[in-house]
There are 2 protein chains.
Amino acid sequence: MQLFYYPHLTASTTFEFSEEESKHCIKVLRHQKGDTIQLMDGKGNLAYAMIENDHPKRCSGSIQQVQYFEPSLPYHFHLSIAPTKQHERLDWMLEKAIEMGVHQVSFIHCINSERPKVNLERLHKIAISAIKQSKQYHLPILNEMLSFKEVIEASQAPLKLIAYCPTGQEQSLYSFLKAQPQSIHLLVGPEGDFHPSEVSLAQAKGFNACSLGKNILRTETAALFSIAAAAAVLGQPEKS
Amino acid sequence: MQLFYYPHLTASTTFEFSEEESKHCIKVLRHQKGDTIQLMDGKGNLAYAMIENDHPKRCSGSIQQVQYFEPSLPYHFHLSIAPTKQHERLDWMLEKAIEMGVHQVSFIHCINSERPKVNLERLHKIAISAIKQSKQYHLPILNEMLSFKEVIEASQAPLKLIAYCPTGQEQSLYSFLKAQPQSIHLLVGPEGDFHPSEVSLAQAKGFNACSLGKNILRTETAALFSIAAAAAVLGQPEKS
């Protein structure tokens, strides 16, 4: 059954799609009055709904049954990443990160950053598509681009990690994950890596240097590696 | 320093590039007689070399010093995957898998497969580029497309895993990784998942059903998730 994103699900017993969503529903997917569809609000709620007005610009109808789903992962992962130079690498990273499981993504502007801006609207669409695809009902929070310093100073996660090209002295990511943290904030730097002054600043604010292994990973690969490792180690409770 | 792939590194003290590599070296990168470059053979060897003939179609020179590097990961990971419908998703997956660490990739033709063929030459180029990028010196083995049955029957890895959409009864991937296996062969199915008869066949041949968590992962995401998890858990020896 077709699934639509509708953020106002619990505010009313009726829905009315935006012009864009109406077009998608009625013109592209050819839904008609009387069709049942599913709506999700990205906050855990999923509902059956019936189309009552199949207007191609103002499709609306009734919301019939709302069900709440718990988040699929029992921990919180906040990724802060310097956007890659190529849009497509960031897009792809976000899609995969969300499929695997990420709860908050911040974009950071670093000394060696290649991109000063992100298109949040475009990334928001990718996020919606990725949660639909992976059958999750919670949309991650995507934050506007902030400076490295702002991100560091706002961080309140109990486990704070900064991943950068290894000097050989760092603890492995896995050694941190084994302690079963409930909430992780991990920083991934730009193509040219973090500046040493950024690493020092982060460490002064309680971030632990963390190694992702011997292979040199691209920015987007480092992010996915970390998110996958966390989901593998923390995501599935032990079977007895 | 510019790094070139040259598979015949230890056979001689001189090198001679193919027409394509010559063009890349002389025309594109504008190298000249007397320039020092680096050559890698994908088998762990890295060498300094000097260009003696900067002919744009038959560039050649002398190999000066060969150094052997051990593989960066202390275990063996063999991924067998049903190629995705979109080429680009498979290309990305291979690039990322190699960056993170994979030793052998087989392409399998399954009952629900969307693609009966892969372009190994194109994937080989992606593989070379990915090992250069991630500073690895061992090129993974890429195998021709085989039937599901052939791949299953040829498997000799001590730990054999088949990942598919969970029924809730499977052990998690992490529970297998915690036992510190030396060699893993993991199967990832097509967009339409493995057919139940394929799962039964694999289980009869010693493959363990394994869960990658609650989120439904696309084919290429499932592969990356598994490779990242293995690299995180097995890739870095403990620090004392």
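The values are calculated or read from the model by the stated rules, or taken from the named source; none is laboratory data. Remember, predicted model here, so these are calculated numbers, not experimental data. All Cβ positions, even for glycine, are placed from backbone atoms using ideal geometry, and neighbour counts span all protein chains on display.
Would you check if there is a residue in the range A:140-157 being among the basic types (Lys, Arg) and assigned to a loop (DSSP other than H, G, I, E, B)?
We begin by selecting, within the range A:140-157, every residue among the basic types (Lys, Arg); these are A:149.
So of that shortlist, the ones also assigned to a loop (DSSP other than H, G, I, E, B) come out as none.
Looking for residues that are among the basic types (Lys, Arg) and assigned to a loop (DSSP other than H, G, I, E, B), one finds none in the range A:140-157, hence no.
From A:114, A:99, grab the single residue that is modelled with pLDDT of 95 or more and in contact with a Lys or Arg (Cβ under 7 Å, 6 or more places away or on another chain).
Working: A:114 fails: modelled with pLDDT of 95 or more.
After applying the criteria, what remains is A:99.
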Discussion item. Being under 18 Å from residue A:163 (Cα atoms), aliphatic (A, V, I, L, M) and either in a helix (DSSP H, G or I) or touching a Gly at 6+ places or on another chain (Cβ under 6 Å) (or both): is that true of residue A:127 here?
Written reply: no
Worksheet entry | Unique match (being modelled with pLDDT of 95 or more, closer than 20 Å to residue A:134 by Cβ, surrounded by 20 or more Cβ atoms within 10 Å (Cβ to Cβ) and not β-branched (Val, Ile, Thr)) among B:232, B:222, B:202 | B:222
Discussion item. With the structure loaded, tell me whether residue B:181 is within 21 Å of the chain's Cα centre (by Cα), part of a loop (DSSP other than H, G, I, E, B) and either at pLDDT 95 or above or closer than 26 Å to residue A:210 by Cα (or both) or whether it fails that test.
Written reply: yes
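Of A:197, A:134, which residue is within 21 Å of the chain's Cα centre (by Cα), more than 25 Å from residue B:236 (Cβ to Cβ) and among the hydroxyl-bearing types (Ser, Thr, Tyr)?
Details: A:197 fails: within 21 Å of the chain's Cα centre (by Cα).
The conditions single out A:134.
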Worksheet item: Consider residue A:161 against the criteria (1) at pLDDT 95 or above; (2) assigned to a helix (DSSP H, G or I): it satisfies all of them except one. Which criterion is unmet?
Response: (2)
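Can you pull out the residues in the range B:194-217 that are in a helix (DSSP H, G or I) and either at the interface with chain A (Cβ under 8 Å from one of its Cβ atoms) or free of Cβ contacts under 8 Å to residues at least 24 places away in the same chain (or both)? Walk me through how you get there before you give the answer.
Going through the range B:194-217, the residues in a helix (DSSP H, G or I) turn out to be B:196-204.
B:196, B:200, B:204 - these are the residues of the range B:194-217 that are in a helix (DSSP H, G or I) and either at the interface with chain A (Cβ under 8 Å from one of its Cβ atoms) or free of Cβ contacts under 8 Å to residues at least 24 places away in the same chain (or both).
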Worksheet item: Taking the range A:133-149, which residues are buried (at least 20 other Cβ atoms within 10 Å of the Cβ) and either of a type in the set (Lys, Arg) or more than 14 Å from chain B (Cβ to nearest Cβ) (or both)?
Response: A:148
Worksheet, complete the sentence: Residue pairs qualifying under the 6 Å Cβ cut-off, at least six apart or on distinct chains, with the first in the range A:18-34 being within 14 Å of residue A:2 (Cβ to Cβ) and the second being assigned to a helix (DSSP H, G or I), are A:31/A:25
Worksheet entry | Within the range B:51-85, tally of residues that are surrounded by 21 or more Cβ atoms within 10 Å (Cβ to Cβ), over 23 Å from residue B:130 (Cα atoms) and either within 14 Å of chain A (Cβ to nearest Cβ) or touching a residue at least 40 places away in the same chain (Cβ under 8 Å) (or both) | 2
Fill in: Only one of A:220, A:191, A:170, A:238 that is acidic (Asp, Glu), touching a strand residue (DSSP E or B) at 6+ places or on another chain (Cβ under 6 Å) and within 13 Å of chain B (Cβ to nearest Cβ)
A:170
Discussion item. If I filter the range B:96-107 for residues that are within 28 Å of residue B:11 (Cα to Cα), in contact with a Gly (Cβ under 9 Å, 6 or more places away or on another chain), of a type outside the set (S, T, N, Q) and more than 14 Å from chain A (Cβ to nearest Cβ), do I get at least one hit?
Written reply: no
Worksheet, complete the sentence: (1) on the phi < 0 side of the Ramachandran plot; (2) surrounded by 15 or more Cβ atoms within 10 Å (Cβ to Cβ) all hold for residue B:193 apart from (1)
Worksheet item: For residue B:178, are the conditions met, namely being on the phi < 0 side of the Ramachandran plot and more than 10 Å from chain A (Cβ to nearest Cβ)?
Response: no
